[in-house]
Amino acid sequence: MRFGRQAVAIEEATRRLMQHVRVLPPETVELDQADGRVLAADLEASGSLPPFDRSAMDGYAVRAKDTLGASPKKPLALRVVGAVMAGEVPSFRLLKGEAARIMTGAMIPEGADAVILFEQTGNPGADTEAVAVKKQLAAGENIIRQGEEAAAHEIVLKAGEIVNAGAKAVLSTFGYTRIPVTRQPRIGIMPTGDELVAPQQELTPGKIRDCNTAMLAQLVRESGGIPVVFPPVSDDDHNAAASIEERIRQVDLLVTTGGVSVGDLDVIASFVDRTDVALLFNRVAMRPGSPTTAARIADKLLCALSGNPGACFTGFQLFVKPLIRQMLGELHPEVQELEGVLVGDVKRPCPYPRYLRGKMVLKQAVLHVIPDRLEKLAPLRSLKESNCLIVIPPGGAGASEGELVKVVQIAPFPL
């Protein structure tokens, strides 16, 4: 099937891949080792948050009904009977006409049901025997009630969420030190092609240094996987099939680069023609990277990307990254599309949708997208600057400046 390939839409190609991927089993890691990992289970609040009624402000704990009628012109005097610092348990109860100095986060003493800010008293911050209250308060004002943020046993983190700094704060608050996370997928990376030499080697005529392997390894790490780099397979390797079979058994997903087109020595194209290989697709209706190929070997997936670095980069973002996210059990593994305003015309005709690398920028709170103007050359240097893929519709018209186009975000962008 090297020639006469039937192109499938990118959505169909993605569906065919994703239906063969399952979430990997869980493992437990220490809290300080959980950075960026994906939770494998829902986690409950081990107790109420906050665990007691506490002050939201520095001020005085009071009884709200004792402030009835208070105003800046008619302040009411309350007797100060104590003070409560954060971390202390009050040893007294407020009675009628009494107040207590209280700090942010401190436990509300029994009898009190409101907190007045220091700034709303006649002697802000002064340690005196009486305080002049200049505002009428409602019950509960400036108090955070026990369980107001989370009740005991309420789910506070869901399976599929990524452990970021905020999640770590939640985990620590509820005493979680060993965290159930999904095992990181091992992603094999196998370049092909006689033209490749290692980055540390000197170039000889007709050779190029392999840049795809290092790029893919970094992309795998950024996506949450563990890269497993294999030696390259040469174009005339008669044992290529055996090498692929051996290597795919060692990983959860094997990603290859090069060898997917219709050339005489394209080893991947030859491999997927075998009867014991379940071909999922060998052409996708997209540019660049239309020869992108996927197959199933026993219970493992092979995703074969173009050898062109730009097309390889694009293929990873559209196909491999969602697969890794699916293996990790992320809540939304699929590619997420936005809409942005195109900067400049893109008039080059193409029968397939084009995924142009570019930059997203915000202008007056509107998302604008700037395509890479050297796209024809498939430039390497702009790879590091790309934070999106701009989708140009198929056909001869292309897209015009100011037109609203679909955008796939692939990296954060400056605000």
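Read-outs throughout are calculated quantities, based only on the coordinates presented, and are distinct from any laboratory measurement. Remember, predicted model here, so these are calculated numbers, not experimental data. No Cβ is skipped: glycine too gets one built from the backbone with ideal geometry, and neighbour counts run over all protein chains shown.
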Most mobile listed residue (K168, K347, K384) in the chain, GNM with C-alpha springs under 10 Å: K384
Report, in cubic angstrom per residue, the convex hull volume of the C-alpha atoms of region 309-354. 109 Å³
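Quick one: order R287, R5 by neighbouring beta-carbon count within 10 Å, fewest to most. List each step's numbers first, then the result.
On the way: R287 19, R5 16.
Lowest count first: R5, R287.
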Starting from the Cα of A86, move 7 Å in the Cα-to-Cβ direction to define the label point; list residues of region 100-125 whose amide nitrogen is under 13 Å from there. 103-107
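What number, in nm² with one decimal, is the all-direction average of the projected area of the convex hull of the alpha-carbon atoms of region 337-409? Display every interim value, and only then the final one.
Details: hull surface 18.1 nm².
Taking the Cα atoms of region 337-409, their convex hull projects to 4.5 nm² on average.
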Where the convex hull is taken over the Cα atoms of the chain, what is its projected area averaged over directions, in nm²? 27.9 nm²
Which value in nm describes the separation of the simple spin-label points at R381 and L117, placed 7 Å from the Cα toward the beta carbon? 5.4 nm
At a Förster distance of 30 Å, what's the computed FRET efficiency of I155 paired with I226, Cβ-Cβ distance as r, to 0.05? 0.55
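Between E27 and R15, what length comes free when the chain is fully extended (0.36 nm per residue of separation minus the Cα-Cα distance, one decimal in nm)? Mind showing how you got there, number by number?
Numbers: separation 12, 0.36 × 12 = 4.32 nm, distance 2.77 nm.
Extra length available between E27 and R15 comes to 1.6 nm.
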Between E44 and D276, 0.36 nm times their residue separation minus their Cα-Cα distance comes to what? 78.9 nm
Fluctuation leader among I189, I268, I297 - the chain, Gaussian network, Cα springs under 10 angstrom: I297
Based on Cα positions only, what radius of gyration and what Dmax would you give for region 1-58, in angstroms? 23.4, 76
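Considering only the chain, what is the antiparallel percent among its DSSP beta bridges, to the nearest 5?
Details: 55 of 81 bridges.
Antiparallel bridges make up about 70 percent of those DSSP assigns within the chain.
So how many Å³ per residue does the convex hull of the Cα atoms of region 134-226 work out to? Before the final figure, lay out the partial values.
Details: hull volume 19.1 nm³, N = 93.
With only Cα atoms used, region 134-226 gives 206 Å³ per residue.
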Put in order of increasing Cβ neighbours within 10 Å, starting from the fewest, K135, K73, K158 give K73, K158, K135
Taking each pair of distinct Cα atoms in region 54-144 once, what is the resulting Kirkwood hydrodynamic radius in Å? 12.3 Å
Could you give the length gained by full extension between D127 and D194, i.e. 0.36 nm per residue of separation minus their alpha carbon distance, to one decimal place? 15.9 nm
Say we join alpha carbon atoms closer than 10 Å with springs in a Gaussian network model of the chain; which of C350, C388, C303 then has the biggest fluctuation? C350
Under 24 Å from K406, Cα to Cα: lysines that are on another chain or at least 8 residues apart: K321, K347, K359, K363, K376, K384
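Could you work out [θ]222 nm for the chain from helices alone, using -39500 (n - 2.57) per DSSP H run of at least four and dividing by all its residues? Round to the nearest 500 deg cm²/dmol.
Numbers: 7 runs with 59 residues, N = 415.
Mean residue ellipticity, 222 nm, calculated: -4000 deg cm²/dmol.
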